Each structure stands twice: as structure tokens, then as C-alpha cells.
Amino acid sequence: MTSADIKFVLELPSHAAAIEEINAEAFGPGRYTRAAYRIREAGPHDPSLSFVAIRLGDVIASVRMTPVVAGVGRAHLLGPLAVRPAFKNQGIGRHLVALALDAARDAGSPAVILVGDAPYYGPLGFQRLAWGQIELPGPVDPARLLVAPLLADGASELRGPLKHAGAGALVSPMAHEVQRTAKRAGAR
Ligand SMILES: CC(C)(COP(=O)(O)OP(=O)(O)OC[C@H]1O[C@@H](n2cnc3c(N)ncnc32)[C@H](O)[C@@H]1OP(=O)(O)O)[C@@H](O)C(=O)NCCC(=O)NCCS
């Protein structure tokens, strides 16, 4: 259960610096070498599926979602997910994952993939992806490559190298609205 003074909202451009700090604190410099990071750095995440937790005006946790493809299959890559240490174990991480999954489902995404701890993500709807079905650009422990299918057989078309889907993949109307708002804000 999360505390009443914590609000969950879609990520905005103004949250970017705080999110960077939270991820640096949670993962350190080693984050840049992770296989999932190498996919994420190839293009933008989707702000219409990415959320932050805010307390008293401060961003205290974040989850991002990035559109990906593998063969003819498409999906979203969840992560980074990080919560400021002072706010751990209050259900914030779980709630962010649930929001991201619901938003991806509403946007018609077939599946959500991540590299993470099965004991944490299993109860949130994730299971192991068959080893060898997709390839990441770097070593990954097979036990940590997880998928939450959002449509029936949502992961079955994912085959081969997992890649960023490209900026053109941000097709949900909400993503365009977020991008337009960001441009307007930047123009002021
Ligand atoms: C992992 C993380 C996001 C969890 O966020 P959180 O808000 O503290 O988690 P929640 O409150 O939703 O859930 C807490 C529960 O998850 C468990 N948990 C936390 N991290 C876990 C992990 N890596 N593996 C298994 N269980 C985990 C806690 O022990 C707790 O269990 P309980 O409910 O039985 O007491 C947070 O600890 C964090 O930012 N860690 C550093 C970054 C990171 O590892 N991100 C995940 C990358 S895969």
C-alpha cells in the first residue's frame, strides 16, 4: 500500500534530471554497460507509458518503457525501474510496474519484456521467456529475461535480435500529445 501523499503521474520532460539522478543512485555507472541499456540508448523511451512517483513535488521513483522489436514481433522493454532508497518497500515499485503494464495493454502492446529478478517480477505477471527465442546485445542471465504477454500469444512473434523499434514506433495518440506538450514547453 502506498502512502496518500505519493502521486503517480505520467513522466514529463521536466522530470528527466531527477530520473537520471535516481537511476544513477540505483544502478551506478555500470548501468551503461547492461544489455538492456544498449537497446534503450538506440532511441527514445515512450513517455506515454512511463511513470513517476512524486512526493511533495519531488520525483522519488520512476519506470520507463521503450518500444522494441524482434523479428516481426513487437513489445515494450520495461526499465529502468528504481525507487529512492528512503521510499523502498512501500509498494511504489509494484504500483509503477502495474501502471506501465496497464498503459501498454491499453496502447495495444502485445507484450512487455524486461531483464530483472524473477522473485520480484513474477507476482507482477512476468514469466521466463524461452531461452534463445530472442537475443540481447550483451550477456543476460537466462533466469532474468522475463516477459508479461498482454495479448494471447503476445510473445510468440518475438524472434531473434531484440532492438529499439525506432522513433516512429511512438504511435499512441497520447505519446504524440506528450511530445507536442514538450515542444510547446521548450518553445517558451
Ligand atoms: C527493486 C525496487 C524497484 C523495488 O521497489 P520497491 O518500491 O522498494 O518495492 P515494493 O515496495 O513494490 O516491493 C517490496 C517487496 O519486494 C521485495 N523485493 C525488492 N527487491 C527485490 C528483488 N530484487 N528481488 C526480490 N524481491 C525484491 C522486497 O523484499 C519486498 O518484499 P515484501 O513485500 O515481501 O516485504 C527497488 O528496491 C529499487 O529501486 N532497487 C534498485 C534498483 C533495481 O534493482 N531495480 C530493479 C531492476 S530489475
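Numbers below:
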| quantity | calculated |
| --- | --- |
| Under the span-like rule (Cα at least 18 Å along the axis, Kyte-Doolittle mean at least -1.0), DSSP H helices of the chain | 92-106, 173-187 |
| Summed side-chain charge close to Pro67 - residues other than Pro67 whose Cβ falls under 13 Å, Lys, Arg +1, Asp, Glu -1 | +3 |
| Radius 15 Å from Cβ of Leu129, net charge of other residues (Lys, Arg +1; Asp, Glu -1) | -1 |
| Proximal charge balance of Leu145 [Cβ under 13 Å; K/R count +1, D/E count -1] | 0 |
| Near-label residues of the range 59-79 by backbone N, under 13 Å of a point 7 Å along Cα→Cβ of Leu151 | 72-76 |
| FRET efficiency estimate (nearest 0.05) - Cβ-Cβ, Leu12 to Asp141, R0 35 angstrom | 0.55 |
| Cα-based equivalent ellipsoid, the chain: semi-axes from gyration tensor eigenvalues, Å | 25, 20, 16 |
| Computed label-point distance, nm, for sites Gln127 and Ala98 using a 7 Å Cα→Cβ extension | 2.2 nm |
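Since every read-out is calculated from the coordinates, none of them should be taken as a lab result. Predicted model only: the values in this text are computed from it and were never measured. Note that each Cβ is placed from the backbone with ideal geometry, even for glycine, and that neighbours are counted across all protein chains shown.
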